[in-house]
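The values are calculated or read from the model by the stated rules, or taken from the named source; none is laboratory data. For clarity, every value in this text was computed on a predicted model and none was experimentally measured. All Cβ positions, glycine included, derive from the backbone under ideal geometry; neighbour counts span all protein chains shown.
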Amino acid sequence: MRHLLKPDDFTVQELNALFDLAADIEKNPEKYARVCEGKKLASCFYEPSTRTRLSTETAMLNLGGKTLGFSDADSSSAKKGESVADTIRVISCFADIAAIRHPKEGAAMVAALNSSIPVINCGDGGHQHPTQTLTDLMTIRSTLGRLSNFTVGLCGDLKFGRTVHSLINALARYEGINFVFISPPELQVPDYITDMLDDRNIRYDIYINMEDVIARLDILYMTRVQRERFFNEEEYIRLKDFYILDAEKMKKAKNNMYVLHPLPRVNEISVEVDKDPRAAYFRQVQYGVYVRMALIMTLLGVKAP
Ligand code: CP
C-alpha cells in the first residue's frame with residue numbers, strides 16, 4: 001500500500017508517468033469516467049480549504065467514485081478529543097482512500113502509520129503540501145513544456161509557505177533548475193531547505209526586491225503571507241503587502257515567463273494581471289484536478305483503460 005506524504009515519495013520516473021496519465025485524462029476524460037466505480041474517497045479536513053478539498057473530491061467523482069468526509073474539525077469527533085490515529089482507523093472501515101489536511105506538521109504521517117487505506121497528505125501545518133506540488137509541476141510542464149533547465153523565482157512567504165517547501169524539494173531532483181528566493185528577511189526560506197540545496201550543489205540566489213530579478217525568470221511562483229501561522233498580528237500586517245505583482249512589474253518580465261500561485265490570493269497579485277496570457281494560476285487549478293485523478297488511480301492501483 002502506498003501513501004503520498006511528501007513529493008519525494010514518488011521517484012522522478014513515477015512522477016513523469018503520473019503526469020503522462022494526467023495529460024491523457026485531460027485529453028480523454030470520458031475514457032476514465034468509470035474507472036473508480038464502487039470506490040470511496042474520505043476527505044478529512046481539519047483546516048479550511050477551497051481548492052484542495054473540492055479538487056480532490058471532484059477528481060474522485062470524475063473517476064466514477066463517491067466521496068464522504070468532513071470539512072471542519074469542529075464537526076468531527078476531533079472536537080471531543082479523538083486522535084488522528086483513531087480517526088483514520090475508523091475512516092479505514094468506511095473508505096478506500098483518505099485525503100487529510102491538518103494544522104499540525106506530521107499529522108498525515110501519523111495517519112498513514114495507523115491506516116489500512118492509502119493516505120494523501122493535503123497539507124500538514126507549515127511542512128508539506130504534496131498534491132499542490134504535483135499540480136505545480138504539471139502546470140510548469142504544460143505551460144513551459146519542460147521540467148528541467150529553467151529559472152524559478154519563489155516570492156512572498158517562503159518561511160511558512162508549505163507549498164514552497166514541497167515545490168523546492170521536488171524541483172531539486174530535476175536537471176538545471178536555478179532557484180531565486182524573493183522574500184523579506186523575516187520570511188526567508190528555512191535553513192533546512194538551503195542546507196539541502198547546498199549539499200546537492202544546486203544554485204540559488206536570494207533577493208528582497210522583485211524588480212531586481214523578474215527579467216531573469218521563466219516561472220514566477222507567487223505566494224500569500226500565511227496569516228494563520230504568525231504568532232504576532234502586527235508583524236503580519238507589516239509584511240502582508242510587501243509584494244504586489246502588477247501590470248507595470250509584468251512589463252519587465254520575459255514574454256514567456258509564467259506566473260503561478262497556489263491560491264488563495266489575498267493582495268499579492270493585482271487583478272489586472274489576470275488577463276495577461278502569462279497568468280497561469282487559474283489554469284493551475286484545472287491541472288490540479290487531472291493530476292489528482294491520476295494520483296487516486298495510482299494509489300488505488302487502478303490501471304488506465
Ligand atoms: N492551494 C490550496 O491549498 O488552496 P486551499 O487552501 O483552498 O485548499
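Give Ile208, Ile219 a once-over and let me know the one that is closer than 27 Å to Thr50 by Cα and of a type outside the set (Ser, Thr, Tyr).
Answer to the check: Ile219.
So which residues in segment 80-103 are crowded, with 16+ Cβ neighbours inside 10 Å, touching a Lys or Arg at 6+ places or on another chain (Cβ under 9 Å) and closer than 18 Å to Cys36 by Cα, if there are any at all?
Residues satisfying the conditions are Ala95, Asp96, Ile97, Ala99.
Any residue in segment 188-209 that's at pLDDT 95 or above: show its pairings with residues that are small (Gly, Ala, Ser) at Cβ separation under 7 Å, as long as the two are six or more apart or on different chains.
Met196/Ala172; Leu197/Ala172; Arg200/Ala172; Ile202/Ala172
So which helices (runs of 4 or more DSSP H) stay within segment 221-305 end to end and still have 2 or more residues that are farther than 20 Å from Phe150 by Cβ and touching a residue at least 12 places away in the same chain (Cβ under 8 Å)?
Filter on segment 221-305 gives 233-239, 281-300.
Regarding Ala33, is this residue of a type in the set (A, V, I, L, M), modelled with pLDDT of 95 or more and away from the ligand (no atom under 16 Å from the Cβ)?
Yes: the conditions hold for Ala33.
Here's a check for you: in segment 161-178, which residue that is surrounded by fewer than 19 Cβ atoms within 10 Å (Cβ to Cβ) and touching a helix residue (DSSP H, G or I) at 6+ places or on another chain (Cβ under 8 Å) is modelled with the lowest pLDDT?
Ranking the qualifying residues of segment 161-178, first place goes to Asn169.
Considering each of Thr139, Thr133 in turn, give the residue that is part of a helix (DSSP H, G or I), polar (S, T, N, Q), out of contact with any strand residue (DSSP E or B) (no Cβ under 7 Å at 6 or more places or on another chain) and within 13 Å of the ligand (Cβ to nearest atom).
Thr133
Considering segment 38-56 alone, what residues qualify as being away from the ligand (no atom under 11 Å from the Cβ) and outside any strand (DSSP E or B)?
Within segment 38-56, Gly38, Lys39, Tyr46 qualify.
Out of all the residues in segment 119-130, which are more than 10 Å from the ligand (Cβ to nearest atom) and surrounded by 24 or more Cβ atoms within 10 Å (Cβ to Cβ)?
Correct list: Val119, Ile120, Asn121, Asp124, Gln128, Pro130.
Could you figure out which of (1) assigned to a loop (DSSP other than H, G, I, E, B); (2) surrounded by fewer than 18 Cβ atoms within 10 Å (Cβ to Cβ) isn't true of Leu158?
Evaluating Leu158 over (1) assigned to a loop (DSSP other than H, G, I, E, B); (2) surrounded by fewer than 18 Cβ atoms within 10 Å (Cβ to Cβ) leaves (2) as the failure.
Counting only residues that are touching a strand residue (DSSP E or B) at 6+ places or on another chain (Cβ under 6 Å) and among the β-branched types (Val, Ile, Thr), which one in segment 20-79 is surrounded by the fewest Cβ atoms within 10 Å (Cβ to Cβ)?
Ranking the candidates gives Thr67 first.
Being over 20 Å from Ser55 (Cα atoms) and over 19 Å from the mean Cα position of the chain (by Cα), is that true of even one residue in segment 124-145?
There is at least one residue in segment 124-145 that is over 20 Å from Ser55 (Cα atoms) and over 19 Å from the mean Cα position of the chain (by Cα).
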